[in-house]
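**Q** What follows is a structure written as structure tokens; I'll ask about it next.
The values are calculated or read from the model by the stated rules, or taken from the named source; none is laboratory data. Being a predicted model, the structure only gives us computed values, none of them experimental. Quick reminder, even Gly has a Cβ in these numbers, built from the backbone with ideal geometry, and neighbours come from all protein chains shown. Calculation scope for accessible area: heavy atoms of the full protein, side chains included, ligands and nucleic acids excluded. Shrake-Rupley method; radii C 1.70, N 1.55, O 1.52, S 1.80 Å.
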Amino acid sequence: MTQHTAVIIGGGIAGLSAALALQERGFAVTVVERDPSPPASVDWSGSDAWRRRGAPHALQPHVLTARLRNAVNAWYPELARALREAGVWEMGFAESVHPAAKADYRPAPGDEDITILMSRRTTLELAMRRYVAGAGVAVIVDGVKAASLLVDDDGPPLVVRGVRLADARGERDVTADVVIDASGRFAGFADQLRAAGARVSEEQHASHSAYFTRHYRLLPGQRFPGVYGLPAAAFGDMTVAAFPADNGAIVVTIGAFKDDPLLFDALADVEVFEAVCRATPRVAEWIDPALSRPTTDVMGWANMDFLWRSLVHDGVAQARGYFLVGDTALRSNPKYGRGCTCAVIGARLLAEVLAEEPDPDGRVHRYEAALRSAFRTEWDELLAVDAADYRRFQVTAGLVPGSLGDAVRSHFQDLLLHRAMLCDPKVQRALLRGFYGLGAPSAWTRDPEIWARIAAASVLPRSKARVARRYAGRPSRAQIAEWTQARSRRAC
Ligand SMILES: Cc1cc2nc3c(=O)[nH]c(=O)nc-3n(C[C@H](O)[C@H](O)[C@H](O)COP(=O)(O)OP(=O)(O)OC[C@H]3O[C@@H](n4cnc5c(N)ncnc54)[C@H](O)[C@@H]3O)c2cc1C
């Protein structure tokens with residue numbers, strides 16, 4: 001029997017996930033990656049020395065959801081073992097219950113599923129790629145760019161037969177039964193298909209978010225502090241987070257908004273960044289010089305959006321033999337941490353469809369239907385949350401006048417995020433299931449008991465109130481403005 005072939009454009013998380021899923025279903029897989037191979041000298045601990053020009057966001061924080069962790073454990077146990085050996089670790093629900101709330105915690109069935117993976121993206125990706133190459137899952141061809149698709153353009157549907165590759169030696173063509181486009185957020189192949197007559201549609205919504213990130217490393221003999229509730233303190237105008245990652249690395253990020261007249265410029269400055277972190281107790285303990293030292297500068301990122309791309313127009317498949325996986329297919333604002341989850345699960349859905357469906361158009365329809373069923377409700381909900389977050393920012397930063405409704409919503413959010421999430425394990429469980437992809441993000445809103453518990457968090461016993469007050473601390477905008485001005489005066 002002839003073996004089917006697949007060429008995958010891009011060796012990021014989505015490309016490697018597609019390789020794993022397709023090889024399992026009998027495909028001979030080649031991954032083409034334009035970045036050079038990671039030097040053999042890059043080890044797990046120093047994975048951030050691996051320069052990823054093709055994925056420049058690789059040093060930004062990556063939350064790896066419980067949905068992702070559970071899928072990897074179930075589908076790829078050997079990979080899960082390789083990740084653990086590389087230093088990727090699991091943070092379970094029980095250990096994220098604050099000591100002040102421990103007495104109220106009653107373990108419930110399913111709590112063990114609320115476990116996330118903690119890692120830098122570079123370590124996760126390096127371990128995945130070494131596993132894929134080492135276990136003979138795919139041939140990875142590094143340092144070679146896919147320049148264009150090989151297309152029979154007498155469609156629609158167009159038929160994609162392979163890829164034209166380009167490197168220092170020149171160009172050459174590779175044909176395959178299927179071409180998987182895992183080339184990420186900067187992908188340009190949809191434009192080539194459009195130019196050839198395909199109607200490739202996109203729903204795209206800009207997000208106003210921006211990240212400022214600095215990496216730290218635990219000093220010898222030190223241990224991570226506890227992570228309780230969420231690893232982040234969310235305020236209207238910024239979210240300040242410390243993520244304990246692999247091999248003693250700590251990723252500290254402040255999420256802000258691009259049109260914030262104060263924070264967007266201020267946070268790129270390392271002194272202001274550190275001052276904000278030191279004045280935010282939830283994060284301050286992580287960057288205490290007695291615990292850790294910085295290993296990078298502050299790295300900014302402001303290219304975030306929601307995207308849903310489709311190769312079906314008016315019920316007609318627009319391209320045969322060509323499939324989108326990962327960020328080329330769909331993405332949401334990275335602050336919701338869904339990208340790697342959609343990449344791994346989406347790749348698996350594609351492989352299932354390709355194995356079961358021989359009809360080329362049927363494959364396109366069934367794959368898009370599977371993606372919709374797996375991710376669309378969540379994508380829509382996150383888009384609505386994003387719009388509400390942006391509105392809250394505008395009011396907090398004084399860019400638009402706030403209404404009574406805004407004030408009530410803001411108060412409720414503070415109760416939820418700074419008090420109930422920390423002090424009531426039942427609320428924490430309900431919220432984290434949605435945050436970490438185990439149910440619709442809004443599922444908790446349909447449970448009256450959770451609403452009642454959030455309301456009850458406005459009056460807490462003294463010990464819990466003390467914890468909640470401390471964790472809700474932050475510097476005021478006036479204070480940050482003062483630090484910024486002082487910094488500018490010193491620079492003059
Ligand atoms: C700031 C930021 C923070 C994020 N945080 C999270 C998070 O917390 N949790 C989470 O799950 N996800 C997060 N994501 C998203 C996550 O990184 C991606 O969704 C996920 O890694 C899947 O990406 P990908 O493999 O599709 O694309 P990429 O990671 O962009 O990989 C694409 C690969 O294709 C290669 N390539 C591109 N063009 C070509 C070509 N022509 N020929 C050959 N190779 C090519 C590139 O070099 C690259 O290696 C974040 C993203 C950003 C921007």
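**Q** Taking the solvent-accessible surface of protein heavy atoms with a 1.4 Å probe, what is the per residue accessible area of the chain in Å²?
**A** 42 Å²
**Q** With n ≥ 4 as the cut-off for DSSP H runs, can you work out [θ] at 222 nm for the chain, using -39500 (n - 2.57) per run divided by the number of residues, rounded to the nearest 500?
**A** Helices in the chain give a 222 nm mean residue ellipticity of -11500 deg cm²/dmol.
**Q** In addition: FRET efficiency for A452 and L399, Cβ-Cβ distance as r, R0 = 35 Å, nearest 0.05?
**A** The calculated FRET efficiency here is 0.55.
**Q** Counting only DSSP beta bridges with both residues in the chain, tell me the antiparallel percent, nearest 5.
**A** Percent antiparallel among DSSP bridges in the chain is about 75.
**Q** Give a residue-ordered list of calculated ³J(HN,Hα) values for segment 343-354 (Karplus: 6.51 cos²θ - 1.76 cosθ + 1.60, θ = phi - 60°; whole Hz; x for Gly, Pro).
**A** 5, 5, 6, x, 4, 5, 4, 4, 4, 4, 5, 4
**Q** Tell me, how many Å apart are the Cα centres for segment 318-370 and for segment 399-463?
**A** 33 Å
**Q** So how strong a dipole does segment 293-442 carry about its Cα centre when Lys and Arg Cβ are +1 and Asp and Glu Cβ are -1, to the nearest 20 debye?
**A** For segment 293-442, the charge dipole is close to 500 debye.
**Q** Rounded, prolate or oblate: which fits the chain when a ≥ b ≥ c are the square roots of the eigenvalues of the alpha-carbon gyration tensor, with rounded for a/c under 1.5 and prolate only if a/b beats b/c?
**A** Taking the square roots of the gyration eigenvalues as a ≥ b ≥ c, the chain is prolate.
**Q** Toward the positive end of the charge dipole of segment 329-438, about the Cα centre and with charges on Cβ (Lys, Arg +1; Asp, Glu -1), which of L382, H411, P360 goes farthest?
**A** Sorting the options by dipole projection puts first H411.
**Q** Of the listed pairs K335/K464; K102/K464; K145/K335, which have alpha-carbon separations greater than 20 Å here?
**A** As for pairs spanning more than 20 Å Cα to Cα, those are K335/K464; K145/K335.
**Q** Between A481 and Y390, what length comes free when the chain is fully extended (0.36 nm per residue of separation minus the Cα-Cα distance, one decimal in nm)?
**A** Separation in residues times 0.36 nm, less the Cα-Cα distance, equals 30.7 nm.
**Q** Given a 1.4 Å probe and heavy atoms of the protein chains only, how would you sort R372, R419, R309, R462, largest accessible area at the top?
**A** R462, R372, R419, R309
**Q** Dipole magnitude of segment 133-202 about its Cα centre, charges +1 at Lys/Arg Cβ and -1 at Asp/Glu Cβ only, in debye to the nearest 20?
**A** 160 debye
**Q** Once the piece of chain linking R409 and S41 is laid out straight, how much longer is it, given 0.36 nm per residue of separation minus the C-alpha distance between them?
**A** Between R409 and S41, full extension yields 127.4 nm more.
**Q** Could you tell me whether segment 380-492 comes out rounded, prolate or oblate from its Cα gyration tensor? Rule is a ≥ b ≥ c as square roots of the eigenvalues, rounded for a/c under 1.5, then prolate if a/b exceeds b/c, otherwise oblate.
**A** Prolate.
**Q** Something else now. Rounded, prolate or oblate: which fits segment 1-96 when a ≥ b ≥ c are the square roots of the eigenvalues of the alpha-carbon gyration tensor, with rounded for a/c under 1.5 and prolate only if a/b beats b/c?
**A** Oblate, because a/c is 1.5 or more while a/b does not exceed b/c.
**Q** Keeping all protein chains in place and using 1.4 angstrom, which order do D152, D260 fall into by accessible surface area, from largest down?
**A** So, going from the largest accessible area down, we get D152, D260.
**Q** Calculate what fraction, in whole %, of the accessible area of the chain sits on carbon and sulfur atoms when a 1.4 Å probe is rolled over the protein chains.
**A** Taking all protein chains in place, the chain shows 54 percent carbon and sulfur surface.
**Q** In debye, nearest 20: dipole of segment 240-299 around its Cα centre with unit charges on the Cβ of K, R (+) and D, E (-)?
**A** 200 debye
**Q** So how much slack lies between A49 and R25, counting 0.36 nm per residue of separation and subtracting their Cα-Cα distance, in nm?
**A** Extending this stretch completely gives an extra 5.2 nm.
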